[in-house]
Amino acid sequence: MKNLFTFNSDAPLLFTQIYFWIFFAAVFAVLVLLQKKVAWRNAFLCFASLFFYYKTSGLFVLILFFTTFFNFFQAKLIAHAGTEQRRRAHLLVALAVNLFFLCYFKYAYFVTDVLNQLFGLNLHVFDAFAWVGNVLEGKQRFDVSVILLPVGISFFTFQNISYIIDVFRKRVEPVKEIWNFAFYVTFFPGLVAGPIVRAHEFIPQIYKPYFLGRKQFGIAIFWILNGLAKKIILSDYIAVNFVDRIFENPIMFSGFENLAALFGYSLQVYADFSGYTDIAIGVAMLMGFYLPKNFNSPYKATNPGEFWKRWHISLSRWLKDYLYIPLGGSRNATFATYSVIISFCIIVGILSGSVWVGLIFLAAISIVVYKTSSANLNLMNTMLIGGLWHGASWNFVIWGGLNGIGIVLYKFWGKWGWPLRISILLAITALAVSMNKIFYLPVLNIAAIWLSILLAGNTIKMFCNVYLKNFQFSIFNSIATAWAVLQTFVFISFTRLFFRSGSNLDPAEANQTAWDTANNMVNRIGSSWDFSQIGSIVYEYRNVFLLIVLGLAIHWLPEKFKRRYRLIFAKMPLLAMIAFIVISVFIIYQFVTADLQAFIYFQF
């Protein structure tokens, strides 16, 4: 009984554990009993959600308690303030407190490094919350020298901030009852890894009586099974049996294995994160609540901008509404716009340990946004901050910056005519090939090969557009779309080299380790390949490669086809559905690894 009701850091409550489904079964049973008593139902689900977070994060539930109560009362102060000045003052206080908790836990190591480098100090991080806990208990129970990141702090902080700002903008009325607001903030399916739910989307649902139709029940079960299959069969199996091995020591593996691991990680991180979202949506739907769609087949995107409209949609929308637009959006560049750019150059210089790197970063961004619209500058800022949101380390800044540059450059590309496109590609390809002949660096070799492929593909595409434009060959349109999807997938996968290489690391060592991993992988991929070994490598990892191919094939199926088989499942006779569930669960759990893998986005 003690183990059931106390926190165990070695066994957090995960969607992939049988203990979670026992917990959910108990919650669902009580929910059915309280379905007609809305206030009692909401209070119970709030309590259940807080218990879920305690079982996931231990005493960090106190942080969730505090921020929930604080934002509830702060929103009321904003709504009932007599003057605009007071409303703004209360808003600033709310934002400051929310961002303090987020920055303290996520960026304490970064701030400490900055102060040490700027002023030659020897400061160390100090966990003030652990110290308070030790004082209250009268003994040294908690380690004050290490700051641990509360699971899901970014998600519930962003949710609180969106609520506070929406109340300030008078888009929503403040919630009257504390338990209803706490239920909105803590609703356990999306608490620790999203999706980020807007107040105006979710709060109206909490006042409605419980309803679960036969079709909704079937769809909910489908999403749960779909998410478990993504997480356990695709993500965990590929990670444990292939991707993690390569990233841990890339120099021990061939260039082909490193490249395959890079593409495999793209599938892994998608299956992991979207798998969590699928389970969260299904669990919420069984309880009569609807969470927003967070993924829309992102690897079908034909350009980087479209990719970010399909990937982690709730975060992209949040950044657009509460960062991109306040910075000036597509209207104009503001003082904040240039302040953010300069700040990032300073951050890059500090993270890299070189002033020159910061200046080069500033020059690169200046070239990209030179004589362009304010939208591009604000877009770059948004992507850079989005990168820094994932962690205060060099690899995340590079990842965010590369995605921003990719989106901006594609905007230029769309405005250029075919002669200019081919001329620029030809010049850049010739330069890369020439530089590679002279210096023969792995990174130049990769650039020369990929640019040559891009040049050949775009030349063929230009020929079709110019000389076959009067012919309606649908196959050419399909090939052109597939080509654009492939280019985008390769670009996104290569930016993830910097994302993955610094993930799950101690912040104190993330920069150097991430850089070494990325550098080693680039060197292996760009070095000479022994093509005679590829067949034996594929055979050795045949199960992994089969899953990667199968996963991407399912991902690229037409949306209408996917919708059709979801509805077929939802309309199955109940006995047939039960049989399908039993068989599916049996198959899924054949892929369970010895140690269940935490969801990747828990760390953010």
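The values are calculated or read from the model by the stated rules, or taken from the named source; none is laboratory data. Please read all numbers here as calculations on a predicted model, not as lab measurements. A quick note on method: Cβ atoms are made from the backbone with ideal geometry, for glycine too, and the neighbour counts reach across all protein chains shown. Surface accessibility is based on the protein's heavy atoms, side chains included, excluding ligands, DNA and RNA. Shrake-Rupley method; radii C 1.70, N 1.55, O 1.52, S 1.80 Å.
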Within the range 373-430, track down each residue that is among the small types (Gly, Ala, Ser), in contact (Cβ under 8 Å) with a residue 12 or more places away in the chain and closer than 24 Å to LEU444 by Cα.
GLY400, GLY401, GLY404, GLY406
Taking the condition open to solvent by less than 10 Å² (accessible area, probe 1.4 Å) and more than 27 Å from GLY328 (Cβ to Cβ), does SER423 pass?
no
Determine if the range 150-173 includes at least one residue that is closer than 25 Å to SER314 by Cβ, out of contact with any Ser or Thr (no Cβ under 9 Å at 6 or more places or on another chain), assigned to a helix (DSSP H, G or I) and open to solvent by 60 Å² or more (accessible area, probe 1.4 Å).
no
(1) open to solvent by 70 Å² or more (accessible area, probe 1.4 Å); (2) outside any helix (DSSP H, G or I); (3) touching a helix residue (DSSP H, G or I) at 6+ places or on another chain (Cβ under 6 Å) all hold for PHE126 apart from (3)
Of everything in the range 286-298, what is buried (at least 21 other Cβ atoms within 10 Å of the Cβ) and over 24 Å from LYS208 (Cβ atoms)? Give them in sequence order.
PRO298
Name the residue that is most open to solvent (accessible area, probe 1.4 Å), counting only residues in the range 23-56 that are β-branched (Val, Ile, Thr), in contact with a helix residue (DSSP H, G or I) (Cβ under 7 Å, 6 or more places away or on another chain) and more than 24 Å from VAL167 (Cα to Cα).
VAL30
May I ask you to list pairs of residues, at least six apart or on different chains, whose Cβ atoms are under 6 Å apart, with the first in the range 233-246 being over 11 Å from PHE591 (Cα atoms) and open to solvent by less than 30 Å² (accessible area, probe 1.4 Å) and the second being of a type in the set (A, V, I, L, M, F, W, C) and modelled with pLDDT of 90 or more?
PHE242/VAL544; VAL243/ALA261; ILE246/PHE253; ILE246/ALA261
Mind counting the residues in the range 289-317 that are over 18 Å from LEU377 (Cα atoms) and in contact with a Phe, Trp or Tyr (Cβ under 6 Å, 6 or more places away or on another chain)?
4
Of everything in the range 530-570, what is hydrophobic (A, V, I, L, M, F, W, C) and within 16 Å of ALA261 (Cα to Cα)? Give them in sequence order.
ILE534, ILE537, VAL538, VAL544, PHE545, LEU546, LEU547, ILE548, VAL549, LEU550, LEU552
Taking the range 465-512, which residues are outside any loop (DSSP other than H, G, I, E, B), at pLDDT below 70 and under 30 Å from VAL111 (Cβ atoms)?
ALA510, ASN511
So is SER343 assigned to a helix (DSSP H, G or I), free of Cβ contacts under 8 Å to residues at least 40 places away in the same chain and crowded, with 18+ Cβ neighbours inside 10 Å or not?
no
Return yes when VAL269 is under 30 Å from TYR565 (Cα atoms), of a type outside the set (S, T, N, Q) and buried (at least 16 other Cβ atoms within 10 Å of the Cβ) and no when it is not.
yes
All but one of (1) at pLDDT 95 or above; (2) open to solvent by 40 Å² or more (accessible area, probe 1.4 Å) hold for GLN117, so report the exception by its number.
(1)
Filter result for ALA96 (part of a helix (DSSP H, G or I), open to solvent by 50 Å² or more (accessible area, probe 1.4 Å) and not charged (D, E, K, R))
yes
SER266 passes all but one of (1) assigned to a helix (DSSP H, G or I); (2) farther than 18 Å from LEU497 by Cβ; which number fails?
(2)
Can we say LEU136 is closer than 30 Å to PHE47 by Cβ, open to solvent by 40 Å² or more (accessible area, probe 1.4 Å), in a helix (DSSP H, G or I) and not charged (D, E, K, R)?
yes
Filter the range 57-87 for residues that are more than 22 Å from VAL192 (Cα to Cα) and in contact (Cβ under 8 Å) with a residue 12 or more places away in the chain; the one that is most open to solvent (accessible area, probe 1.4 Å) is LEU77
All but one of (1) surrounded by fewer than 16 Cβ atoms within 10 Å (Cβ to Cβ); (2) at pLDDT 85 or above hold for ARG317; which doesn't?
(1)
Tell me, please, whether a residue that is in a helix (DSSP H, G or I) and over 30 Å from TYR565 (Cβ atoms) can be found in the range 188-199.
yes
If I filter the range 404-411 for residues that are open to solvent by less than 50 Å² (accessible area, probe 1.4 Å), farther than 30 Å from ILE153 by Cβ and either touching a helix residue (DSSP H, G or I) at 6+ places or on another chain (Cβ under 7 Å) or not in a helix (DSSP H, G or I) (or both), do I get at least one hit?
yes
Using the structure shown, decide if ARG141 is of a type outside the set (A, V, I, L, M, F, W, C) and either out of contact with any helix residue (DSSP H, G or I) (no Cβ under 7 Å at 6 or more places or on another chain) or open to solvent by less than 60 Å² (accessible area, probe 1.4 Å) (or both).
no
